[in-house]
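For reference, the structure is listed below as structure tokens.
Read the figures in this text as sums done on the coordinates, not as results from a lab. Only a predicted model underlies this, so the values are computations on that prediction, with no experimental measurement involved. All Cβ positions, glycine included, derive from the backbone under ideal geometry; neighbour counts span all protein chains shown.
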């Protein structure tokens with residue numbers, strides 16, 4: 001495995017980061033995950049733009065110019081034999097504050113640490129898409145937006161990890177986090193949608209959640225098909241009464257949900273609108289990829 005570290009590709013065993021790196025010491029950094037369909041990166045410009053917005057929000061300089069990222073991502077795929085006709089790629093970009101003396105002052109770190117990892121994309125089992133997955137509502141609450149903005153895709157992921165531990169303990173696929181007002185926000189690594197009376201509903205960004213890129217595409221596809229959609233503030237009770245539910249992210253696309261807190265969603269099977277949106281997404285996804293490989 002070849003890792004891009006700062007200014008060069010190195011073998012995995014040589015991809016070493018200092019114990020004084022503030023990403024390790026304090027979770028001071030940002031990241032993005034990107035996938036490919038074959039050799040074409042999915043929503044690359046949007047992901048890289050969000051990486052730069054996250055970095056700007058915490059005052060972190062990214063030394064790699066925005067226009068160079070597609071080239072580096074493609075080289076990472078090529079070196080690791082992914083992003084081809086045989087294997088879609090999963091890419092993770094991490095930019096941390098870098099190594100510096102112990103202390104919270106960002107000025108202690110003269111140079112950020114930049115990492116790109118590429119590996120074969122692993123998607124959930126096909127059976128999960130057929131039968132749907134189980135969720136719980138976590139007791140862990142989403143961070144207050146005024147304390148840590150959800151729009152910053154930060155490497156400080158402890159809030160989500162605590163909720164994920166609850167899901168693992170309950171033996172379910174994932175957890176839903178509520179906000180400070182007991183409204184639905186998102187799952188640990190995905191956005192939440194549900195359907196009531198033919199209307200597609202999803203928590204508004206103002207509830208304290210990351211505005212996912214696949215979330216944005218699902219909303220766009222729904223509007224193109226004139227499917228009623230509402231972004232708003234919703235409660236667990238409204239979710240319990242839903243006819244359908246699904247979650248979205250870049251790697252798994254659209255995953256049906258058939259129980260929440262052991263309560264059946266609708267008839268306990270993936271719903272018609274969920275299936276429709278899955279098909280619309282499959283039909284449209286290549287239009288959201290690079291038009292041609294830049295290599």
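Quick notes on this structure:
- The mean of 1/r over all pairs of different alpha-carbon atoms in the stretch 251-295, once inverted, gives a Kirkwood hydrodynamic radius of 12.7 Å.
- Relative contact order (%) - criterion: Cα under 8 Å, at least six apart; region: the chain: 19 percent
- Expressed in Å, the radius of gyration and Dmax of the Cα atoms of the stretch 2-120 are 14.4, 47.
- With a cut-off of 19 Å on the backbone N, the residues of the stretch 265-290 near the modelled label site 7 Å out from residue 37 along Cα-Cβ are 274-290.
- Between 0 and 90°, nearest 10: helix 69-79 axis offset from the chain longest Cα axis: 90 degrees
- Our estimate of slack between residue 7 and residue 168, defined as 0.36 nm per intervening residue step minus the Cα-Cα distance, is 54.2 nm.
- Principal axis analysis of the Cα atoms in the stretch 144-295 yields extents of 41, 40, 28 Å, listed in decreasing size.
- Förster radius 51 Å - calculated FRET efficiency between residue 104 and residue 126, Cβ distance, rounded to 0.05: 0.65
- Sorted from longest to shortest, the spans of the Cα atoms of the stretch 92-145 along the three principal axes equal 51, 33, 17 Å.
- Taken over the C-alpha atoms, the chain has Rg and Dmax values of 19.6, 57 angstrom.
- Extended-chain gain in nm, criterion 0.36 nm per residue less alpha-carbon gap, residue 157 and residue 81: 24.4 nm
- Anisotropy class of the stretch 83-195 from Cα gyration tensor, a/c 1.5 cut: oblate
- Gyration tensor (Cα) of the stretch 214-295, equivalent ellipsoid semi-axes in angstrom: 27, 14, 12
- All Cα pairs of the stretch 125-186, percent lying beyond 19 Å: 37 percent
- 0 to 90° range, to nearest 10: angle between helix 44-57 axis and the chain longest Cα axis: 70 degrees
- If you take the Cα centroid of the stretch 59-135 and the Cα centroid of the stretch 231-287, the two points sit 27 Å apart.
- Difference of contour (0.36 nm per residue) and Cα-Cα distance, residue 264 to residue 144: 40.2 nm
- Between helix 158-170 and the chain there is an angle of about 50 degrees, using the helix long axis and the longest principal axis of the Cα atoms.
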